[in-house]
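The values are calculated or read from the model by the stated rules, or taken from the named source; none is laboratory data. What you see is a predicted model, and the numbers here were worked out from it, not measured in a lab. Every residue, glycine as well, gets a Cβ built from its backbone with ideal geometry; the counts of neighbours run over all protein chains shown.
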Amino acid sequence: MIATLLVANRGEIACRVFRTCRELGIRTVAVHSDADENALHARVADATVRLPGATPAATYLRGDLIVKAALAAGADAIHPGYGFLSENADFARAVHDAGLLWIGPPPEAIEAMASKTRAKELMGLAPLTKVTENDLPVLVKAAAGGGGRGMRVVRDLAALADELTAARAEALSAFGDGEVFVEPYVEVGRHVEVQILADTHGTIWPLGTRDCSLQRRHQKVIEEAPAPGLPPELTDSLHAMAVRAARAVDYVGAGTVEFLIADGPDAAPTAHFLEMNTRLQVEHPVTEAVFGLDLVALQLRVAEGHALETDPPRARGHAVEARLYAEDPATDWTPQTGTLHRLTTPDGIRLDTGYTDGDDIGVHYDPMLAKLIAHAPTRPEALRKLAAALERTTLHGPTTNRDLLVRSLRHPEFTSGRMDTGFYDRHLTDLTTPAPDPYAPLAAALADAHGRSRFGGWRNLPSHPQTKRYAMSGEETEVHYRHTREGLTADGVRVITATPTLVVLEADGVRRKFDVTRYADDQIHVNTTVLTPLPRFPDPTSQQLPGSLLAPMPGTVVRLAENLTPGTPVTAGQPLLWLEAMKMEHKITAPVTGTLTALHAVPGQQVEPGMLLAVVEGA
C-alpha cells in the first residue's frame, strides 16, 4: 500500500494527482523549481522539496534530484504526471533501483514505445531516411516528445535543414533528448486515440476513443470522448490495435495509442498508427467522465498489484474538454505572462488547474492555465454546456484563448463532427476576428466616473461632454457621457445603474448588466471584454518607428539567422531570429522587404515585451 507519493511534475497535473491522493488518504510530496516556489501544486502538497534553478533542464528533468527528493521526504512511490520525465525509461529504472514504487509501465515498455522511431518499428513502420521533393510535405517530430514540441511541417525542401535544427533544439529543451525523425505528413485527417489501462494480471481495458483533432502547433486544444461519427467496425479495429500494441510490450498502467484517421473521397476511413504514449494524457478527464472512473486512482491500484475487473464499465454520454491557454491566437499563438487576477467557473463544470487567483504566469513553462470539462447525455448538449461555461467564466489577467474556444465549440464544422487537424489553418482568421462588446467601453467609463464628479447629481445644468479613450481588441475607441441633474447620461443609452463595479444600461428596450473590475496594471475587465485606458490625447513621442521588430513576449534569444548582420538585405517573412518562451520556439520574421539596419538581439539574451530586437528599413 502506498503511504506517501511524490509527483515528479508541476502545475495542473500535480494538483490533479494530489486531489486523488487526498481522497485515498495518501500523503503527498511536491517538487518545485525556484520559479514555482509559490505555485499552487507546491502549496497544496503535504511536503515540498526544492529543485534549485528555474529551467526544466535544471529542475523537472533532473531525475537524480527527484529521486533524492523522494527519499528525503519519506515517499515510497513516484507518479511522473505527463511531459518531463514521464516517458523516460532511465528515470523509471532509477526509481525502481532506489526501492521506490513507479506509477507507470515497466522501463522496457517505455523504451519500446516512448521513442516514436522504435514504436513505429515495433508496429512494422519506419520513418523516412531521405527526403525528396516527391515526399513533401513531411513532418519533423521529436522521438522522445509530445505536446507539439519539436514538431514541424516542412513543405519546402530548402527549409528542411533549418526546421530540423529548430526541432532538435526545442526537443532537447523540453525533453532532454534532441532526437528527431521525419515521416510523411497527412494533410487532412482526424487525430483519434484509444485510452488503455492494463494490470499485472493480463487484463487490458480499451476505454473508448477520443477525438483530438482541434490542434494548434500540433498541440491539442479541444478533446472529446467518444470520437464522433466513427463507424463501429473502425472503433473495434482501433481498440484491437491498441490492445495488441499494449500486449506487444507487456504494458502495465494507463497509456494511450494514437492514430490519424484519413478519409478517402471514395473509400472507408483508414487508420494510421502515430505513437503510443506510455503515460497519462492531458485529456484523460473526458474518458473519466464518460466511463465514471478515476484513472489516477486506478493507476495507483494497478501499481499496488490489484487486478482490474474482467471488463471495463460501460460508457455513458459525451464529454468535451477545452484547454485554456495564456496566449494570443491572433498573433501566432504568442504566449502571455503576468498576474492571473481571477479564475472562477460556473457550477457543473470540472476545472483542472495549477493556478489560483493572484498567481504569476511566468516564462519557463507551458502556458496552459486550466482545463474545463463538460459531460452531458449527448454531444450537442456537452458542446453547448462547455461553450456557455467558458463564456460565464470569470477570467481576469493576461490575454487567453477563451474567445477562440467558445467560437470553436459553436462552429458548424465542429458541431457537425466534420473537423480535422487542419481546422485552425482554415478558420483561425474568422475565429480570432475581434467581436468586442460595443457597450463595454461606455460601461467602463461610467464605472470610473461614478463618484469622481465635482458636480454631483444635483447640478441644474448639464456638464460639458466627457470623453474617455480605451484600447480594446487591438483598436482604439472613444466614448462620451455627461453628468446631469438626473445623473450620468450617454447618447442613445439609458443609464439605469452606475457604480464602480456594476453598470446597468438600457438600449433599444433591452437592459444589460456589466460587471466592471479594474486592476493596478490598468487592466479593466467588463464582463469578458478587456480594456486599457488611454490618455485623452496620444503622446506623439510614443509612436513606433516603421520596421522596428519588438519582442512580443518575455523570453530568451536562442539563435540568429545565419550571416545576419546590419546591412544584410532581407525579404518580408524571412526568419531573422528565434525566441524561446514557455517551452516553445517563436520565429521573428522581417516585416518588409528591405535592409536590416540595426541588430540588437544576441543569442542567450533575456528580453522583455516591447524590447527592440532589430530594425528593417523597406526597399
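Computed quantities for the displayed model
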item	result
Selection count where residues are surrounded by fewer than 19 Cβ atoms within 10 Å (Cβ to Cβ) and small (Gly, Ala, Ser), scope the range 232-248	3
Hits in the range 575-619 - residues which are of a type in the set (D, E, K, R) and surrounded by fewer than 16 Cβ atoms within 10 Å (Cβ to Cβ)	Lys587, Glu608, Glu617
Residues within the range 526-536 that are assigned to a strand (DSSP E or B) and over 19 Å from His450 (Cβ atoms), tallied	3
Test: residue in the range 200-215 that is under 27 Å from Gln574 (Cα atoms) and either part of a helix (DSSP H, G or I) or of a type outside the set (Asp, Glu) (or both)	yes
His341 vs. criteria closer than 23 Å to Ala57 by Cβ and not polar (S, T, N, Q)	no
Single residue of the range 485-525 satisfying the filter (under 38 Å from the mean Cα position of the chain (by Cα) and part of a loop (DSSP other than H, G, I, E, B)) that is farthest from Met472 (Cα to Cα)	Thr499
Which listed residue is out of contact with any Pro (no Cβ under 8 Å at 6 or more places or on another chain), at negative phi and not assigned by TED's automatic domain parsing to the domain that holds Asp177, from Glu562, Glu608	Glu562
Unique match (being in contact with a Pro (Cβ under 7 Å, 6 or more places away or on another chain), under 29 Å from Glu580 (Cβ atoms) and surrounded by fewer than 21 Cβ atoms within 10 Å (Cβ to Cβ)) among Thr331, Thr339, Thr356	Thr331
Neighbours by Cβ (under 7 Å, 6+ apart or cross-chain): first from the range 552-564, within 20 Å of Gly610 (Cβ to Cβ); second charged (D, E, K, R) and buried (at least 17 other Cβ atoms within 10 Å of the Cβ)	Gly555/Glu580; Thr556/Glu580; Val558/Glu580; Val558/Glu585
Selection from the range 506-527 of residues that are surrounded by fewer than 16 Cβ atoms within 10 Å (Cβ to Cβ) and either among the charged types (D, E, K, R) or under 15 Å from Pro436 (Cα atoms) (or both)	Glu506, Asp508, Arg511, Arg512, Lys513, Asp515, Asp521, Asp522
Residue count, the range 356-396 (criterion: within 23 Å of Leu428 (Cβ to Cβ) and assigned to a loop (DSSP other than H, G, I, E, B))	3
Count of the range 566-589 residues which are of a type in the set (A, V, I, L, M) and either at pLDDT below 90 or closer than 12 Å to Ser548 by Cβ (or both)	5
Some residue of the range 267-280 being in a loop (DSSP other than H, G, I, E, B), farther than 26 Å from Leu343 by Cα, out of contact with any Pro (no Cβ under 8 Å at 6 or more places or on another chain) and not basic (Lys, Arg)	yes
Residue match in the range 51-67 (condition: assigned by TED's automatic domain parsing to the domain that holds Gly11, more than 28 Å from Met276 (Cβ to Cβ) and in contact (Cβ under 8 Å) with a residue 60 or more places away in the chain)	yes
Residue within the range 241-262 that is in a helix (DSSP H, G or I), in contact with a Pro (Cβ under 7 Å, 6 or more places away or on another chain) and assigned by TED's automatic domain parsing to the domain that holds Leu369 present	yes
Test for Gly618: is it touching a Gly at 6+ places or on another chain (Cβ under 6 Å) and either among the hydrophobic types (A, V, I, L, M, F, W, C) or touching a residue at least 24 places away in the same chain (Cβ under 8 Å) (or both)	yes
Pick from the range 116-138, criterion of a type in the set (A, V, I, L, M) and not in a helix (DSSP H, G or I), ranking: nearest to Val186 (Cα to Cα)	Val138
Residues within the range 421-438 that are modelled with pLDDT under 95 and touching a strand residue (DSSP E or B) at 6+ places or on another chain (Cβ under 8 Å), tallied	4
Options Val131, Val186, Val192: the member that is out of contact with any Gly (no Cβ under 9 Å at 6 or more places or on another chain), surrounded by fewer than 20 Cβ atoms within 10 Å (Cβ to Cβ) and touching a residue at least 60 places away in the same chain (Cβ under 8 Å)	Val186
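Residue by residue, here is whether (1) under 29 Å from the mean Cα position of the chain (by Cα); (2) under 30 Å from Asp420 (Cβ atoms); (3) hydroxyl-bearing (Ser, Thr, Tyr) holds:
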{"position": "Ala271", "(1), (2), (3)": "yes, yes, no"}
{"position": "Met276", "(1), (2), (3)": "yes, yes, no"}
{"position": "Leu295", "(1), (2), (3)": "yes, yes, no"}
{"position": "Leu298", "(1), (2), (3)": "yes, no, no"}
{"position": "His306", "(1), (2), (3)": "no, no, no"}
{"position": "Pro312", "(1), (2), (3)": "no, yes, no"}
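A quick yes/no check of all residues on (1) without any contact (Cβ under 8 Å) to a residue 60 or more places away in the chain; (2) assigned by TED's automatic domain parsing to the domain that holds Leu214; (3) acidic (Asp, Glu); (4) in contact with a strand residue (DSSP E or B) (Cβ under 9 Å, 6 or more places away or on another chain):
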{"residue": "Pro312", "(1), (2), (3), (4)": "no, yes, no, yes"}
{"residue": "Leu324", "(1), (2), (3), (4)": "no, yes, no, yes"}
{"residue": "Ala330", "(1), (2), (3), (4)": "no, yes, no, no"}
{"residue": "Thr339", "(1), (2), (3), (4)": "no, yes, no, yes"}
{"residue": "Leu343", "(1), (2), (3), (4)": "yes, yes, no, yes"}
{"residue": "Gly348", "(1), (2), (3), (4)": "yes, yes, no, yes"}
{"residue": "Lys371", "(1), (2), (3), (4)": "no, yes, no, yes"}
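Per-residue answers, yes or no, for (1) at pLDDT 90 or above; (2) part of a loop (DSSP other than H, G, I, E, B); (3) within 27 Å of the chain's Cα centre (by Cα):
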residue	(1), (2), (3)
Leu564	yes, yes, no
Thr595	yes, no, no
Pro603	yes, yes, yes
Leu613	yes, no, yes
Val616	yes, no, no
